[in-house]
Amino acid sequence: MRKDHRSECVMNRMVEMFGDQWSLLVIRDIMFMNRRHFRELLTDSQERIASNILADRLQKLVKLGIIVKSHDPSHKQKAIYSLTEKGIDLLPLLMEMSAWGQKHVPGSGLRGLPQLLKEGGPKLRADFMAELRESHRPQSIAKKKARRPLRNRATTTRR
């Protein structure tokens with residue numbers, strides 16, 4: 001057993017990666033709300049993450065290979081955060097967690113894009129994952145189809 005983990009159990013390793021209260025919310029904001037810059041992630045999230053915590057979580061997610069940080073070509077001083085394939089693969093997990101929360105956490109609910117993805121089933125989720133690959137990983141081999149982006153289909157507040 002490696003000393004830098006409590007155990008090699010997959011559930012333990014996942015908790016070590018995402019067990020804090022902010023990492024999954026940062027991923028949610030990047031994935032579902034298309035918040036790709038530090039300032040957007042800091043000011044547009046209703047949970048009000050502190051700037052030092054956000055910086056730490058972004059750095060951690062980059063180190064884990066969930067997101068990548070690159071220079072924004074439209075602005076010299078801005079960085080843009082993009083999901084990696086590993087990050088895009090978290091979509092089913094986030095959807096299942098959302099479904100569980102909607103069922104068992106009073107007062108919670110799906111809105112916007114997550115609700116649309118739930119109602120649309122596996123085909124729509126696969127389409128959204130392909131769309132994420134195109135927008136976050138332009139160098140990927142995702143097939144580009146002429147379609148209205150899923151993000152534009154959600155008419156209510158996204159969450």
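Each reported figure results from applying straightforward, stated rules to the coordinates on display, with no laboratory input. As the structure is a prediction and not an experimental result, all values here were calculated from the model. FYI the Cβ positions are ideal-geometry reconstructions off the backbone, even for glycines, and counts take in every protein chain you see.
Which of rounded, prolate, oblate describes the range 7-74, given a ≥ b ≥ c as roots of the alpha-carbon gyration tensor eigenvalues and a/c under 1.5 marking rounded, otherwise prolate only if a/b is larger than b/c? Cα axes put the range 7-74 in the prolate bin. The range 55-93 and the range 21-38 have Cα centres lying 9 Å from one another.
Measuring r between the beta carbons of TRP100 and SER135 and using R0 = 35 Å, the FRET efficiency lands at 0.80. Each Lys and Arg contributes +1 and each Asp and Glu -1, all at the Cβ; summed about the Cα centre of the range 10-152, the dipole is approximately 480 debye.
Between HIS37 and ARG13, full extension at 0.36 nm per residue minus the direct alpha carbon distance yields a gain of 5.9 nm. If R₀ is 22 angstrom, what is the calculated FRET efficiency for the pair GLN21 and ARG111, using the beta carbon separation as r and rounding to 0.05? Taking R0 as 22 Å, the efficiency between GLN21 and ARG111 is 0.60. FRET efficiency for the pair GLN59 and GLU85, taken as 1/(1 + (r/R0)^6) with r the Cβ-Cβ distance and R0 = 22 Å, rounds to 0.65.
Lys pairs in the range 1-101, Cα-Cα under 17 Å, at least 8 apart or on separate chains: how many? Mind dumping the intermediate values first?
Values: LYS60/LYS69; LYS60/LYS86; LYS63/LYS86; LYS69/LYS78; LYS69/LYS86.
Value for the range 1-101: 5.
The radius of gyration of the Cα set in the range 10-152, together with its Dmax, comes out at 15.2, 45 angstrom.
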